[in-house]
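For reference, the structure discussed in these notes is given below.
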There are 2 protein chains.
Amino acid sequence: MKFEERVESQQIVYQGPLVQVEKQTVTLPDQTTATREIVRHQPAIAVLMVTADHQMILEKQWRSAVGGLTLEIPAGKVEPGERALQAAVRELNEETRMQAAHLEAVAQFYTSPGFTDELMTLYVATGLTAVNTALPQDADEQIQLEKLPLKTALAQVQAGQIQDAKTVMAIWYWQNHPEIGGQR
Amino acid sequence: MKFEERVESQQIVYQGPLVQVEKQTVTLPDQTTATREIVRHQPAIAVLMVTADHQMILEKQWRSAVGGLTLEIPAGKVEPGERALQAAVRELNEETRMQAAHLEAVAQFYTSPGFTDELMTLYVATGLTAVNTALPQDADEQIQLEKLPLKTALAQVQAGQIQDAKTVMAIWYWQNHPEIGGQR
């Protein structure tokens, strides 16, 4: 079976501060033509932080796209010129004022490959301590930290109180690896 | 802590066949003003299909947004007027020519709430049989089905061969629930 689509032409149809929309005309393997619409977005990182007392750190914040509050693991965009790991270290500092002795990438994935190229790396962070030097925070971001044990986090996914893909993923990963953060 | 942002004005800045981009001017809890950019997308469904011989069904397809092939669980948009469960039944038929005796929603989540309102429901499907009446397929969608046992699927996530968020989620969910598809 042949899959590859050849891009015949492309144009940027929307350019915003956060996303760019691109339209492509492509030739399919059967030589017919189709149109593709792609939302370009910076790569991103997300971090499952597990404390020494076996709790995960979550952020309560307002999300315009959802029109309400969400509970999410710390996350953010990888800035131009930055590596994913650096972005993870920076976001932990900015959003939680913590640093991690161990920071390990456990998966990398496209958040919704049907329409966007956003590529996210999920890290697990343990050995958490307070940072010495706090980085400046985004002025328009209001974040409240919460801590939850695995059992409560699983119940909140089930109850629909946690409704963020990367956070659900992180919780299910943790469920599979209950040793994270030290022996129980 | 106050979180709610008040929407002062909004306008559609891009309208395409798949997505719509909206710009909002919002007032933050501290009464300052900020701009929000939101990519509107139809809700979606995804289905972890587990066969009687304990394999998951995956689709190999070309994704323009990624510029390459991906391995993903069956998924698709919920069409206007359709319920999520109906969309799951329809997509299984269209993309895999199968129907499920048991179809259960296990989580609902925003795929990337930092910029889009796409809301996805993840189903688990078991008791799979061939459909009697095949629905028409999308003309511009080329799909090749694959079957993988859990162990191989986990190895492919680790190796970066499976790089789709909903598929990684589904595999980790399955790892937590190895009883899916019958006793081993």
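The values are calculated or read from the model by the stated rules, or taken from the named source; none is laboratory data. Note that this is a predicted model, so its numbers are computed, not measured. Don't worry about glycine lacking a Cβ; one is built from the backbone with ideal geometry, like all the others, and counts go over all protein chains shown. Remember, those area values only see protein heavy atoms, side chains included, never the ligands or the DNA or RNA. Shrake-Rupley method; radii C 1.70, N 1.55, O 1.52, S 1.80 Å.
In segment B:130-143, is there at least one residue being in a strand (DSSP E or B), assigned by TED's automatic domain parsing to the domain that holds B:Leu58 and either at pLDDT below 90 or more than 20 Å from the chain's Cα centre (by Cα) (or both)? Checked against the condition, which is being in a strand (DSSP E or B), assigned by TED's automatic domain parsing to the domain that holds B:Leu58 and either at pLDDT below 90 or more than 20 Å from the chain's Cα centre (by Cα) (or both), segment B:130-143 yields at least one hit. Give the residues of segment A:146-176 that are over 17 Å from the mean Cα position of the chain (by Cα) and in contact (Cβ under 8 Å) with a residue 24 or more places away in the chain, sorted by residue number. Once the filter is applied, which keeps residues that are over 17 Å from the mean Cα position of the chain (by Cα) and in contact (Cβ under 8 Å) with a residue 24 or more places away in the chain, segment A:146-176 yields A:Glu146, A:Lys147, A:Leu148, A:Pro149, A:Leu150, A:Ala153, A:Gln156, A:Gln161, A:Gln175. Could you please give the count of residues in segment B:14-33 that are within 7 Å of chain A (Cβ to nearest Cβ), under 22 Å from B:Glu118 (Cβ atoms) and not hydroxyl-bearing (Ser, Thr, Tyr)? So the count comes out to 7.
Being in contact (Cβ under 8 Å) with a residue 40 or more places away in the chain, of a type in the set (S, T, N, Q) and in contact with a Leu (Cβ under 9 Å, 6 or more places away or on another chain), is that true of even one residue in segment A:65-74? No, segment A:65-74 has no match at all. Can B:Gly127 be described as outside the structural domain of B:Tyr14 (by TED's automatic domain parsing) and farther than 28 Å from A:Glu104 by Cβ? Considered against the rule, which asks whether it is outside the structural domain of B:Tyr14 (by TED's automatic domain parsing) and farther than 28 Å from A:Glu104 by Cβ, B:Gly127 comes out as yes. Scanning segment B:146-184 for residues that are away from every other protein chain (no Cβ under 12 Å), at pLDDT 95 or above and open to solvent by 30 Å² or more (accessible area, probe 1.4 Å) yields B:Lys147, B:Pro149, B:Lys151, B:Thr152, B:Ala155.
For A:Glu59, indicate whether it is of a type in the set (Asp, Glu) and facing another protein chain (nearest Cβ under 7 Å).
Details: of a type in the set (Asp, Glu): yes; facing another protein chain (nearest Cβ under 7 Å): no.
So A:Glu59 fails the test.
What tally of residues in segment A:134-145 results from selecting those that are within 11 Å of chain B (Cβ to nearest Cβ) and touching a residue at least 12 places away in the same chain (Cβ under 8 Å)? Number satisfying all stated conditions: 6. Within segment B:127-144, is even one residue in contact with a strand residue (DSSP E or B) (Cβ under 8 Å, 6 or more places away or on another chain) and crowded, with 23+ Cβ neighbours inside 10 Å? Checked against the condition, which is being in contact with a strand residue (DSSP E or B) (Cβ under 8 Å, 6 or more places away or on another chain) and crowded, with 23+ Cβ neighbours inside 10 Å, segment B:127-144 yields no hits at all. In summary, strands (runs of 3 or more DSSP E) completely within segment A:1-86 and bearing 3 or more residues that are in contact with a Phe, Trp or Tyr (Cβ under 9 Å, 6 or more places away or on another chain) occur at A:20-27, A:33-40, A:44-49, A:55-63, A:68-72.
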